[in-house]
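Quick notes on the structure that follows.
The values are calculated or read from the model by the stated rules, or taken from the named source; none is laboratory data. These figures come from a predicted structure and were not determined experimentally. Ideal geometry is used to build each Cβ from the backbone, glycine not excepted, and the neighbour counts take in all protein chains shown. Note: areas computed on protein heavy atoms with side chains; ligands, DNA, RNA excluded. Shrake-Rupley method; radii C 1.70, N 1.55, O 1.52, S 1.80 Å.
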Amino acid sequence: MYAIGIDVSKGKSTIAINLNGILLEKPFEIKHTNEGFDMLLEKIKEFPKENIKFVMEATGIYHLPILLKLLELKYFVCVENAFLIKKYFDVNLRKVKTDKKDAVKLANYCSDKWNILKTYTIQDNTYEELKFLSRQYNQQISLKVKAKVQLGNLIDLTFPSFSNPFNIENQYLFMLDVYEKYYHPKLIVALEEKTFVEDIQEIAQKRGHRTGLRVGIELYKLAKETIPTRPSNKYTQLAVTTCVDSLRSIEKATNDIIAQMNELARELPEYDIVRKMKGVGNKICPRIIAEIGDVRKYKNANSLIASAGIDTPPYQSGKFTATNIHISKRGNKYLRKCGYEIMKSLKATKPTNDSSVYDYIVKKEIEGKPMDVCKIAGLNKFLRIYYARVKEVYN
């Protein structure tokens with residue numbers, strides 16, 4: 001049995017081959033190019049394909065070129081969880097970390113676990129595309145958080161309390177439009193109140209808001225009372241314009257991504273079922289489908305919960321059995337984030353029909369559990385319901 005370990009790096013891989021646990025030759029390196037892949041094929045061309053198994057560690061995106069090439073040629077390839085590989089490596093007392101040593105260890109892992117290895121299966125293309133877009137969405141959101149922090153710092157310097165008159169949740173773009181034009185109290189008090197309020201009303205109407213009159217009056221009052229710490233000059237204006245443009249761009253990008261994700265997700269049979277679940281809106285629905293993927297890959301609901309990292313593995317030794325156990329957090333952090341957003345939505349909307357998850361959260365709160373514990377318990381129940389309903393579609 002030919003066990004082949006592939007230690008993947010950016011743009012290259014180190015490969016070790018052993019036969020029944022015996023290393024055949026020194027580990028060698030290939031680049032992730034057609035020439036490098038041909039070099040690997042040349043090394044194994046004499047081996048019967050049915051007697052070859054490849055093992056590599058999941059490394060985000062670096063392992064994809066060689067993985068897809070091997071799958072294209074119908075080889076058995078196991079992409080193993082990085083944590084499991086680390087635990088296997090930690091068996092040795094002496095810590096040695098080189099690409100060649102790691103490749104040998106992966107080959108040994110392949111040989112030791114030969115009978116229980118599972119081959120990598122490519123999901124339906126729709127799920128793959130959804131997951132790709134979900135990652136792009138999350139990257140944009142992380143940029144948005146940083147830009148919003150920068151905006152908050154600028155507001156504190158140029159116009160403290162500027163955001164108070166706005167409902168930030170629903171009037172975010174409206175606030176950006178006003179702040180870009182009137183980022184400093186000096187720009188407001190230079191105008192008559194009537195002129196300023198009329199201009200704010202006009203900006204509000206363009207964004208479809210009817211609160212322009214109230215916002216204008218409150219801002220004019222604030223402009224007379226507040227004390228800015230930055231002057232109104234071209235340098236401050238440049239910083240404000242750059243930040244606002246960045247936030248507008250990110251807002252457009254996230255909306256475009258979500259629109260495309262919804263279009264893709266509608267092709268899947270579970271879309272309508274998931275969309276009808278309480279707490280799941282237009283932005284959450286395609287994201288949670290993307291992160292869970294095809295439910296048929298999970299053997300039961302417990303597997304789905306474990307993949308989200310919200311399982312609580314038992315801890316027992318001798319006569320001691322732990323009762324205060326934390327969730328493992330060894331799973332998909334983006335799925336946990338989506339789930340937590342759903343729980344927050346349920347708490348905000350307080351549904352009365354199909355409210356089993358919300359009722360369960362309330363029940364845990366009545367028992368005196370901390371808020372976060374209640375939401376995680378609710379997410380656990382939500383995922384069980386999700387699994388049961390979606391699995392039924394495919395049966």
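Tabulated data
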quantity: Residues that are closer than 21 Å to Thr119 by Cα, of a type outside the set (Gly, Ala, Ser) and in contact (Cβ under 8 Å) with a residue 24 or more places away in the chain, drawn from segment 1-31; calculated: Met1, Tyr2, Ile4, Ile6, Asp7, Val8, Thr14, Ile15, Ile17, Asn18, Asn20
quantity: Pairs with Cβ under 8 Å, 6+ apart, first in segment 120-143 and within 27 Å of Phe54 (Cβ to Cβ), second open to solvent by 60 Å² or more (accessible area, probe 1.4 Å) and assigned to a loop (DSSP other than H, G, I, E, B); calculated: Thr126/Glu267; Glu128/Ile122
quantity: Matching helices (runs of 4 or more DSSP H) fully within segment 278-386 where at least 1 residues are surrounded by fewer than 19 Cβ atoms within 10 Å (Cβ to Cβ); calculated: 301-308, 333-349, 356-366
quantity: Among (1) touching a Phe, Trp or Tyr at 6+ places or on another chain (Cβ under 7 Å); (2) part of a strand (DSSP E or B), the one test that Leu70 misses; calculated: (2)
quantity: Segment 190-211 residues that are closer than 9 Å to Phe174 by Cα, paired with ones that are part of a helix (DSSP H, G or I) and open to solvent by 40 Å² or more (accessible area, probe 1.4 Å) (beta carbon under 7 Å, 6 or more apart); calculated: Arg207/Leu173
quantity: Qualifying positions in segment 48-67 - over 22 Å from the mean Cα position of the chain (by Cα) and in a loop (DSSP other than H, G, I, E, B); calculated: Pro48
quantity: Residues of segment 1-11 that turn out to be buried (at least 16 other Cβ atoms within 10 Å of the Cβ) and within 20 Å of Lys86 (Cα to Cα), as a count; calculated: 6
quantity: Tally of residues being charged (D, E, K, R), without any contact (Cβ under 8 Å) to a residue 60 or more places away in the chain and surrounded by 12 or more Cβ atoms within 10 Å (Cβ to Cβ) across segment 219-266; calculated: 5
quantity: Residue tally, condition assigned to a helix (DSSP H, G or I) and either open to solvent by 30 Å² or more (accessible area, probe 1.4 Å) or more than 19 Å from Glu225 (Cα to Cα) (or both), over segment 174-198; calculated: 13
quantity: Unique match (being outside any helix (DSSP H, G or I) and small (Gly, Ala, Ser)) among Ser232, Ser246; calculated: Ser232
quantity: One residue from Thr126, Thr121 being open to solvent by 60 Å² or more (accessible area, probe 1.4 Å) and more than 15 Å from Leu247 (Cα to Cα); calculated: Thr121
quantity: Yes/no for Lys391 being surrounded by 14 or more Cβ atoms within 10 Å (Cβ to Cβ), closer than 30 Å to Ile122 by Cβ, among the charged types (D, E, K, R) and more than 19 Å from the chain's Cα centre (by Cα); calculated: yes
quantity: Subset of segment 199-214 [open to solvent by 40 Å² or more (accessible area, probe 1.4 Å) and of a type in the set (A, V, I, L, M)]; calculated: Leu213
quantity: Top-ranked residue in segment 154-173 [being farther than 24 Å from Pro231 by Cβ and free of Cβ contacts under 8 Å to residues at least 40 places away in the same chain; ranked as least open to solvent (accessible area, probe 1.4 Å)]; calculated: Ile168
